[in-house]
Amino acid sequence: MTGPRPSATARPPGPGAAHARQTAAAPAAIVATDLAAGYGGRTIWSGATFSIPAGAFAAVLGPNGAGKSTLVKLLLGLLPPGAGHLEVLGGRPRRAGAEIGYVAQGVAFDPDLSVRGVDFVGLGLDGHRWGLPLLSWMRPERRRAIAGAIEAVGAAPYADRPMGRLSGGEQQRLLLAQALVGRPRVLLLDEPLSNLDVRSQAAIVALIRDVARVQGLTVVMVAHDVNPLLPLLDLVVYVAHGGVAAGPPHEIITSESLSRIYSAPVEVVRDRRGRVFVVGLEEEVSHPHAG
Amino acid sequence: MLRYDFMVHAFQAGTVVAIVAGVIGYFVVIRGSAFAAHALSHIGFAGATGAVVLGVSPVLGLLAFTVGSGAAIGALGGRVRGRDVTIGIVLAWTLGLGVLFISLYTGYATEAYALLFGEILGISARDVQVVVLAGIPTVVALAALYRPLLFSSVDENLAAARGVPVTALSIAFMAVLALAVTEAVQVVGVLLIFALVVTPAAVAVRWTHRPAAAIAVSAALALAFTWLGLTIAFFSPHPVSFFITSLAFGTYLLARLAGALRHRLARAPA
């Protein structure tokens, strides 16, 4: 079993800072002001104030059940804020589509699913529209957009095969192409690495970074484990214990900072390969690779 | 054989039903709602027998029960899969109801037999009109719902995030399916509905992975089974339903065999 490649993990946190500097003056893509979220009368977290600059690579971290996916629902406008204010691309949160590319959590394609990769990516373009647009299907722009998105994620060799027969990594690339096909400005990814082995995780992370740079995307990625992302991150949004903290990773992911934010004894441990483990918020907060 | 009115009617109704069943069958297969389709036809049986007891046309009872229960199944929870237990429980009860209705109506055995196993050779000119009138909106509705339906069949969460009203869509689909099932019951009967609604599509998705092509293949196969079945039955003493279901089953078997063979060839060292 080989571990993550040293180049991806040995670097200290924060080399994304150079990237952040370019974007420091850019307008914010996402602004949360004293935001709270909950279902019914129950509040899951509150007091979230943070801003994600346009072009930044942000990770939403935190223990299971802390409300990371709830934040995603708020960002997509699928759940109204319990309190406070949330602005996405200068307006109200809106559904995924032309401006926000979205990859849902734990998409499990039926192994018998006989829809091809190209058809699936095409759904990302107009799958929400009614009717049968026989003319628009023939349009070369449509074909070009789909081919371009598939090319961008390197899925061309298997895009004609049925989705159900592809590997997890291949499916994840096509999910990404589906999110990118409308040329969005924000890429919202809910645990895109959770079903992948370590090698595919590294490949997908590198791919997301490259695509985001080329297309100037703001990336918001919910992640279970910060380690594969650490070298790329500009910003961490930490969701735990009913609160949300945000900032550069080297400022947030420290024992002092997390202990102070959550008023609990939190320990951030680093191993020899530079991998980070957060202990104290919940044992499964961060582990390099489960299984 | 087309000199006989009853054969002309059978071909007319069979053609419409086959196209409707073949088209909707694709969605039944990729949504994994084959069991729901099966259940709808059984629930429809109670409606049809009940209608006869009340002295109403069995088609009306069939339609009312399938559309009503279809909408209910669609609304139930909003998720496509994992409803087998609930559906099965309702299905068993409605079949029981059907048995009660049969016993209430004496001298009803042939009518019940027709409902269970299909009686396409007994279709009247007026029945053909009803079949056509019900068939057109089914196909039009499916064309209108095509993309969001495909999207939510592939992944419901993703479609919901794009603004597709997945629960409403699920209800609408089941209602359309109910309409299609009501149609198909006239040809193959309640118990044999799978042969037209599921088998052609199940073969088609093995044949091609393009959604539009799979729908076309599915409809073409359903049409072929129906026409061939009717033709063979005309020259033989055996029932049409037997030939249609046998053609469907045989084709499915061939498709699976061909698939397995292709798989083995692809695996063989070059």
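Sorting A:35-45, B:19-29 by their mean Cβ neighbour count within 10 Å, with the most densely packed peptide first, gives B:19-29, A:35-45. Around the Cα centre of region A:113-209, unit charges on the Cβ atoms of Lys, Arg, Asp and Glu (plus for the first two, minus for the last two) sum to a dipole of about 300 debye. Taking trypsin sites (Lys or Arg not before Pro) as exposed when DSSP calls them loop (any state but H, G, I, E, B) and at most 15 other Cβ atoms lie within 10 Å, what is the longest stretch of chain B free of them, the sites themselves excluded? In chain B, the maximal stretch lacking such sites is B:82-270.
Amide H contacts of A:Arg116: A:Met163, each under 5 Å away and 5 or more positions distant or on a separate chain (H built 1.01 Å from N in the peptide plane; Pro and chain starts excluded). Computed from backbone phi with θ = phi - 60° and the Karplus coefficients 6.51, -1.76 and 1.60, the 3J(HN,Hα) list for region B:252-266 is 4, 4, 4, 4, 5, 4, 4, x, 5, 5, 4, 4, 5, 4, 5 Hz; x is used for glycine and proline. For region B:1-131, the residue among B:His9, B:Ala114, B:Ile24 whose Cα projects farthest onto the positive side of the dipole built from Cβ charges is B:Ile24. Counting only other chain Cβ atoms within 10 Å of each residue's Cβ, the peptide A:104-111 averages 3. Inter-chain Cβ neighbour count for B:161-169, averaged per residue, equals 5 (cutoff 10 Å, partner chain atoms only). Selection among B:Ala216, A:Gln105, A:Ala32 by position relative to the dipole of the protein assembly as shown gives B:Ala216 as farthest towards the positive end (Cβ unit charges, Cα centre). Only Lys, Arg, Asp and Glu carry charge here, each on its Cβ (+1 for the first two, -1 for the last two); on that basis the protein assembly as shown has a dipole of about 1240 debye about its Cα centre. Judged by the gyration tensor of its Cα atoms, with axes a ≥ b ≥ c, chain A is prolate; a/c meets the 1.5 cut and a/b is the larger of a/b and b/c. Taken along the Cα-to-beta-carbon direction at a fixed 7 Å, the label points for A:Val214 and A:Ser167 span 2.1 nm. With both labels modelled 7 Å from their Cα along Cα-to-Cβ, the B:Leu121 to A:Met138 distance reads 4.6 nm. Just checking the listed ones, A:Arg199, A:Arg272, A:Arg142: in the Gaussian network model of chain A with Cα springs under 10 Å, the one fluctuating most is A:Arg272. Label zone (B:Val56, point 7 Å along Cα-to-C-beta; backbone nitrogen cut-off 11 Å) within region B:19-48: B:47-48. In this structure, the amide hydrogen of A:Ala28, modeled 1.01 Å from its nitrogen in the peptide plane, lies closer than 5 angstrom to those of A:Ala54, counting only residues at least 5 positions away or on a different chain. Label separation (B:Val132 vs B:Phe235): 2.9 nm, computed from points 7 Å beyond Cα along the C-beta direction.
The residues neighbouring A:Glu141, those whose beta-carbon lies less than 13 Å from its own, together hold a net charge of +4 under the Lys/Arg +1, Asp/Glu -1 convention. Note that region A:121-131 has calculated 3J(HN,Hα) couplings of 5, x, 5, x, 7, 9, x, 8, 8, 8, x Hz, one per residue in order, obtained from phi through the Karplus relation 6.51 cos²θ - 1.76 cosθ + 1.60 (θ = phi - 60°); glycine and proline are x.
Between rounded, prolate and oblate, where does region B:5-193 land on the alpha carbon gyration tensor, with a ≥ b ≥ c its root eigenvalues, rounded for a/c under 1.5, else prolate if a/b exceeds b/c?
On the way: a/c = 2.51, a/b = 1.45, b/c = 1.74.
Oblate, because a/c is 1.5 or more while a/b does not exceed b/c.
In this calculation the C-beta distance from B:Leu257 to B:Val140 is compared with R0 = 30 Å, giving a FRET efficiency of 0.25.
Distance between the C-alpha centres of region A:50-109 and region B:111-167: 36 Å, rounded to the whole angstrom.
3J(HN,Hα) couplings calculated from phi for region B:65-75 with the Karplus curve 6.51 cos²θ - 1.76 cosθ + 1.60 (θ = phi - 60°) are, in sequence order, 5, 5, 5, x, 6, x, 4, 5, 4, x, 6 Hz; Gly and Pro show x.
Packing-wise, with mean Cβ within 10 Å as the measure, how do A:189-198, B:221-230 rank, highest first?
Most protected by this proxy first, the peptides run B:221-230, A:189-198.
Based on the alpha-carbon gyration tensor of region B:1-69 and its eigenvalue square roots a ≥ b ≥ c, which shape applies: rounded if a/c is under 1.5, prolate if not and a/b is larger than b/c, or oblate? Here region B:1-69 falls in the oblate category. Each peptide among A:211-220, A:151-160, A:65-74 gets the average number of other Cβ atoms lying within 10 Å of its residues, and from highest to lowest they stand as A:65-74, A:211-220, A:151-160.
What you get for chain B, charging only the Cβ of Lys and Arg (+1) and of Asp and Glu (-1), is a dipole of about 1000 debye around the Cα centre. Think of the protein assembly as shown as a dipole: +1 on every Lys or Arg Cβ, -1 on every Asp or Glu Cβ, centred on the Cα centre; then among B:Ile171, B:Trp93, B:Phe249, B:Phe249 lies furthest on the positive end.
No lab work stands behind these numbers, since they all come straight from the coordinates. Bear in mind that the values here come from a model prediction, so they are computed numbers and not experimental data. Quick reminder, even Gly has a Cβ in these numbers, built from the backbone with ideal geometry, and neighbours come from all protein chains shown.
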